[in-house]
Amino acid sequence: MSPLLENFVQLPIFGILLTLLGFLLGEKIAKKINNPALTGLVVAVILIVAFLKITGISIEAYQIGGEYVNFFLGPMTLSLAVPMYHKRHILMENLLPISVGVVVSSLTAIGSGYLLGRLMGLDWSLILSMLPKNVTTGIAVETSAAIGGIPSLTVAAVTVAGVFGYGFVESYAKIARFRSPIAKGLASGAASHAMGTKRALEMGEDVGAVSSLAIALCGIVTSFLLPFVLPLLKAL
């Protein structure tokens, strides 16, 4: 690698450009493949990892710019408030069922993460990393670190949940005969955070608004419940 290219790789702009290019290419490739399991995000990750492996560029060099991308996860999540504001009357009319659904979803996500970890024979730190898998990445990473999990593993768990939600939530809604936009939105946002909400917005503005609210509420509820649930899980 030439000195000029080596210096460029060490700049934040390298990681930022590689992420954007990978995402744009991933979206185009995913549309052509048209497979629910291969979303734009999954394809982008594969492309970026392959590029780093082939070129021999370290993940540490990529992360110099990747940290800036992580920083914008918060503002990106806040942008989901726009559809919530436009459909606020629907949200207020259905606040009780939405709130109950979010609490049940958060408890289910925590419980399923624990059971999956136990069935796989994972140690406690790995199990802790999987518990906040149903909330958006920015909140999940901070929550995982606070309870003793491994943030990088939590990102992987959150990504898997998002990919499955994006790929299959609409099919699941049809199988379960969800006709209400409230039910569809809750299923999308409460289980699969931003990726699920992206699919929810494709299903309709009402569905997307409920899904956006579910993301926010799940982040709050999961962060609140975990300190109370963890002692119970340790005792099992």
Exercise. Heavy-atom accessible area per residue, region 145-205, 1.4 Å probe: how many Å²?
Worked result: 48 Å²
Problem set entry | Listed residues SER171, SER223, SER106, most fluctuating in the chain (Gaussian network, C-alpha, under 10 Å) | SER171
Exercise. What 222 nm value per residue comes from the helices of the chain, counting each DSSP H run with n ≥ 4 as -39,500 (n - 2.57) and dividing by all residues, nearest 500 deg cm²/dmol?
Worked result: -27500 deg cm²/dmol
Problem set entry | Solvent-accessible area, 1.4 Å probe, carbon plus sulfur percent, for the chain | 72 percent
Problem set entry | Relative contact order (%) - the chain, alpha-carbon pairs under 8 angstrom, separation at least six | 19 percent
Problem set entry | Proximal lysine pairs, the chain, alpha carbons under 29 Å, eight or more residues apart or interchain | 27
Exercise. So if R0 is 25 Å, what FRET efficiency would ILE175 and ILE46 give, r being the distance between their Cβ atoms, rounded to the nearest 0.05?
Worked result: 0.30
For this session: Kindly point out which whole DSSP H helices in the chain project their C-alpha atoms 20 angstrom or further along the helix axis while averaging a Kyte-Doolittle hydropathy of 0.0 or above.
Result: 12-33, 40-55, 95-119, 151-175, 205-235
Exercise. Using DSSP loop states and a limit of at most 10 other Cβ atoms within 10 Å to flag trypsin sites (Lys or Arg not before Pro), what is the longest stretch of the chain containing no flagged site?
Worked result: 1-176
Seminar exercise, completed: Expected max-MSF residue from VAL163, VAL135, VAL45 in the GNM of the chain (alpha carbon, under 10 Å) is VAL45
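The values are calculated or read from the model by the stated rules, or taken from the named source; none is laboratory data. From a predicted model like this one, the values you see are computed outputs, not experimental measurements. Here Cβ is always computed from backbone atoms with ideal geometry, including for glycine, and neighbour counts include all displayed protein chains. For the accessible areas, the whole protein counts, side chains as well, though only heavy atoms, and no ligand, DNA or RNA atoms are used. Shrake-Rupley method; radii C 1.70, N 1.55, O 1.52, S 1.80 Å.
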